[in-house]
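Structure, as structure tokens:
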Amino acid sequence: MMRRIFKIIEERFFYGLMLASTAFLVALLLFIVLIILYKGLPSLSWEMVSQTPKGGYYFGREGGLLNAIIGSLYLATGAVVIGLFISLPLSLAMNVYFRNNKKLVNAIRFVLDLLWGIPSIVYGAFGFTIMIYLGIKTSLLAGIITVSIFILPIMVRAMDEIMKQVPLTLLESAFSLGSTNTEVAFKVVARQCFPGIVTGVLLAFGRGIGDVAAVLFTTGYTDNIPTSLMDQTATLPLAVFFQLGSPIPEVQSRAYAAALILTVIILLISVVTRFLSRRYYKTSIK
Amino acid sequence: MYLKARKIKDRISGGWVQLVLVFVFVLPLGILASLLYKSWLIMQTTGIGDLLFSSVWRPLAGEFGFFPFIISSIWVTILGLLITAPICLFTAIYLTYYGSNRLSVFMRPVIDILAGIPSVIYGVWGVLIIIPFTGRFLAPLFGYESTGFSIMAGGLVLAIMLIPFILNILIEIFRTVPVEQYEASLSLGATQWESIKHVVVRRSFPGIVSAFALGLSRAFGETIAVLMVVGNVVGVPENLFQPGYPLPALIANNYGEMLSIPMFDSALMFAALILLVVVVFFNLLSRFVIIYLEKRQ
Amino acid sequence: MNQPIISIKNLNLYFGKQHVLKNVNIEIPQNKVTVILGPSGCGKTSLLKTMNRLVDLHENVKISGQVFLDNEDILKDNVDITRIRKKMGLLSQKPSPLPMTIFNNVAYGMRINGIKRKRKLRPLVQKHLIEANLWDEVKDRMNDPASRLSIGQQQRLCLARGLAVNPEIILADEPTSALDPLSSTIIEKQFVELKRDYTIVLVTHVLRQARRIADYIVFMYLGEVIEQGPANEFFENPREEKTKAYLKGAFN
Ligand SMILES: Nc1ncnc2c1ncn2[C@@H]1O[C@H](COP(=O)(O)OP(=O)(O)OP(=O)(O)O)[C@@H](O)[C@H]1O
Ligand SMILES: [Mg+2]
């Protein structure tokens, strides 16, 4: 009898803990988003998103974050485009070209897992050494290259996940029609997995746009909107990071505005991704 | 003619695919080589032992002892992992074994969004919430005085950032436990919790260990969010409420002066090398734990 | 016929909108082998899982009716489910040894129920392994992981594990369908042995197996019980058309 009571208490206790930690997670997300909103909304204005910093900006005078917003978009877009040129062939290599060579495919997955685990600051340091080695200055280009390397494993993983699910019979029937590897890869698999590829791209875009550590070394920071790949550029996370460190409240509050803009971008990406993958799972055959 | 064009297309894209393959295998080696190459100088002049275990950090005098940074990194990482572990385990179990399908559907985006929030945002939030919480509440609670910028704050922010990362892996792992085993345990008269404790957790043990190893390696390299709340004061912290200065923060804070002080760039690349080695080590470890323990089961 | 150990009254089971068990009435005699027959998807597994309330794990389940075990309605909300489940050992289609050693698999249920000492456990484990006709094969490797046993041995281990909590009833859901003929025969023989001390409810697709060991038969079709009765009557003089068709192999 005692034992039974003890068991019931134990069961209830852990049930309570489990419930609490699940609730905590939801509360946490709300809490983070609400705090960012609460701090960011008051300092968010049309000026913030439509102007670059003007003279005296860093002492609290006028100007906005347009340089960082545009810079971030350039950076993430560039990185994703380059990333696509590497990640798409790579995932196709694993699932079409070399699908019969299990050893090679496993080796690729292994290397990608390794790369996936490497922290972005190490990519930043690596990008920096390459930059020095090639004699490039800090620039949008250097940032794009570094970020593209950093998001590569993220993109491949997302695409590989989807391509793995392409039924073997589909591949076989395509091959038996006399298609070349390339045709099967790009006309059949890539097309079938298009929403998955988009998901991977969006995911990587989100990662790329939010990361500081990889670009800290490589993009520099400027108040101007970059006009060429060789210009330095500001990014949103860097804007948050630098301005939060300022002792001037007006500047700090702009950090919050930048944080809010960044959060909104990330949330938007998340919503779009969700929408796409929902549609995808509805239409694809399981 | 048409056939030939197709063949050529196949050649070209096949060639690109091969090039990309080579690139992927060369990349990790390239990263390792470049960091080794850059930090070679300081390893030669100071010696690895001194670098790792000396606490004297005077870049201008050419003295680089990484011990304070390494210790800070270890503290923050372990603390973060300890705080996050129970939350992740309980939530993962709840979602797989107790919660309804509807709850899972609801929680999916919650976890995904938490995972997608950039670390600089966690940093801002940490400065706004965790810092005062640690400084005004936690530290006095344990009888310390603290500005809030401390190892503890770093650990807390890290813990929160790790939740979605580890949770996702754990849910995946619990999903693979066969229902039959769980049902078998229940039909022997075990309660739900007992079945989870003795069967589910036990069966997924290798997976759990490897999830935490992956979390650890993620935590060790996390830069900006931790940097923003940890205080960044060089020195071996004596308690959790003192500021610390983890390795990634060291690199991120000093890239500006890197080229103006002799050997400094080499020293920072050495720090990056330590990060790389530790992170790769734990990644490999998590892999082997799974393979080894699963063989034994 | 002696007093039934389980009697099911007007049982209805819904998975969401799907009506899986339709007004089921069954009386299961004590110390006999009751075989539940029926084509795939007719609700046999669901019936077993209702009896030990594993259906509780599923979402959107609606149950009405009563299942009496020892004159207690086990579908009531306030019954202690773990006690009910302990009275019924479950043997599933695919053997499901727990992720631990052979010894611990058998000891698991006893430990859960409070027997903790190794000294006490050891003879009990042995006893139940003998009951399941597995002892001779595993006595030297009690500390091996259970997953290293052959499938047939695993299934007998699961039987021993179930017996170890002293159930009154053994619910077996196609326990031999994953086994080779030899292992199947061993299990079958064991059931005949065991019915002295236990009541056995067996789901099977194999008509010959049912003929060999059944004392009582329940025939189900699309969630309904079509016919039930003593085995020889059922096979010699089936009353319903559907039963006749089934015995001729029309549904397989
Ligand atoms: N968890 C569930 N959710 C929804 N429907 C279910 C679930 N489990 C079973 N069903 C449905 O209930 C019906 C009966 O299933 P059950 O598994 O009891 O059949 P069965 O007689 O055991 O079949 P088989 O001989 O193939 O094992 C089936 O139509 C099945 O699709
Ligand atoms: Mg069944």
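What follows draws every value from the coordinates through simple rules; no lab data is involved. Quick caveat, the model's predicted, so the values are computed rather than measured. With ideal geometry, Cβ positions are generated from the backbone for all residues, glycine too; neighbour counts draw on all protein chains shown.
Odds and ends about this structure:
- The mean count of C-beta atoms from other chains within 10 Å of the C-beta of residues in A:254-264, rounded to a whole number, is 3.
- Hydrodynamic radius of the protein assembly as shown per Kirkwood, over alpha carbon pairs, in Å: 30.7
- Ranked for footprinting exposure by Cβ neighbours inside 10 Å, fewest first, A:Trp116, B:Trp125, A:Trp46 give A:Trp46, A:Trp116, B:Trp125.
- When each full DSSP H helix of chain B is screened for a Cα extent of at least 20 Å along its own axis and an average Kyte-Doolittle hydropathy of at least 1.6, the helices passing are B:67-93, B:151-175, B:264-296.
- Helical contribution to [θ] at 222 nm, DSSP H n ≥ 4, -39,500 (n - 2.57), averaged over chain B, rounded to 500: -23000 deg cm²/dmol
- Ranked for footprinting exposure by Cβ neighbours inside 10 Å, fewest first, B:Leu19, C:Leu13 give B:Leu19, C:Leu13.
- Estimated distance in nm for a label pair at B:Ile48 and C:Lys76, the labels positioned 7 Å out from Cα along Cα-to-Cβ: 7.2
- Mean separation of Cα contacts under 8 Å, 6 or more apart, over the residue count of chain B: relative contact order %: 27
- Considering helices alone, the calculated mean residue ellipticity of chain C at 222 nm is -10000 deg cm²/dmol, with DSSP H runs of length four and up weighted by -39500 (n - 2.57) and normalised per residue.
- Cβ charges +1 (Lys, Arg) and -1 (Asp, Glu), total dipole of chain C, debye: 860
- Approximating the spin labels as points 7 Å out from Cα along Cα→Cβ, the B:Phe133-to-A:Ala107 distance works out to 4.7 nm.
- Across every direction, the projection of the convex hull enclosing the Cα atoms of region B:68-258 has a mean area of 12.3 nm².
- When only Cα pairs below 8 angstrom with a gap of at least 6 residues are kept, chain A shows a relative contact order of 27 percent.
- For the residue pairs A:Lys39/B:Lys38; A:Lys102/B:Lys295; A:Lys102/B:Lys197; A:Lys7/C:Lys49; C:Lys49/C:Lys195, alpha carbon separations beyond 30 Å are given by A:Lys39/B:Lys38; A:Lys102/B:Lys197.
- The simple spin-label model puts a point 7 Å past each Cα toward its Cβ; for C:Asp144 and B:Val233 those points are separated by 6.2 nm.
- Taking the Cα centre of chain B as origin and assigning +1 to Lys and Arg Cβ atoms and -1 to Asp and Glu Cβ atoms, the resulting dipole is close to 1240 debye.
- Only one residue of A:Gly196, B:Phe133, C:Leu37 has its Cα farthest out toward the positive end of the dipole of the protein assembly as shown, where Lys and Arg carry +1 and Asp and Glu -1 on Cβ, and that residue is C:Leu37.
- At the listed q of 0.10, 0.14, 0.15 Å⁻¹, the Debye profile of region A:49-285, built from one uniform point per Cα, gives log10 I(q)/I(0) equal to -0.54, -0.92, -1.00.
- Alpha-carbon centroids, region A:63-86 and region B:13-27: separation in whole Å: 25
- Cβ-Cβ distance of A:Leu41 and A:Ser176, R₀ of 51 Å, FRET efficiency by 1/(1 + (r/R0)^6): the value works out to about 0.30.
- Around the amide H of C:Leu37, modelled in the peptide plane, lie the amide H atoms of C:Val218, C:Phe219, C:Met220, all under 5 Å away and 5 or more residues distant in sequence or on another chain.
- From least to most packed, judged by other beta carbons within 10 angstrom and beginning with the fewest, C:Asp180, A:Asp160 follow the order C:Asp180, A:Asp160.
- Spatial separation of Cα centroids for region A:198-232 and region C:167-199, in angstrom: 66
- Residues of type lysines that C:Lys127 reaches as a straight line, Cα spacing below 16 Å, ignoring anything fewer than 8 places off in the same chain: C:Lys118, C:Lys139
- Cβ-derived FRET efficiency at R0 35 Å, C:Arg117 paired with C:Gln3, nearest 0.05: 0.40
- Region C:1-132 - Debye-derived log10 I(q)/I(0), Cα point model, q = 0.13, 0.17 Å⁻¹: -0.69, -1.05
- Cβ charges +1 (Lys, Arg) and -1 (Asp, Glu), total dipole of the protein assembly as shown, debye: 1880
- 12 Å tail of the calculated P(r), region A:2-43, as % of Cα pairs: 68
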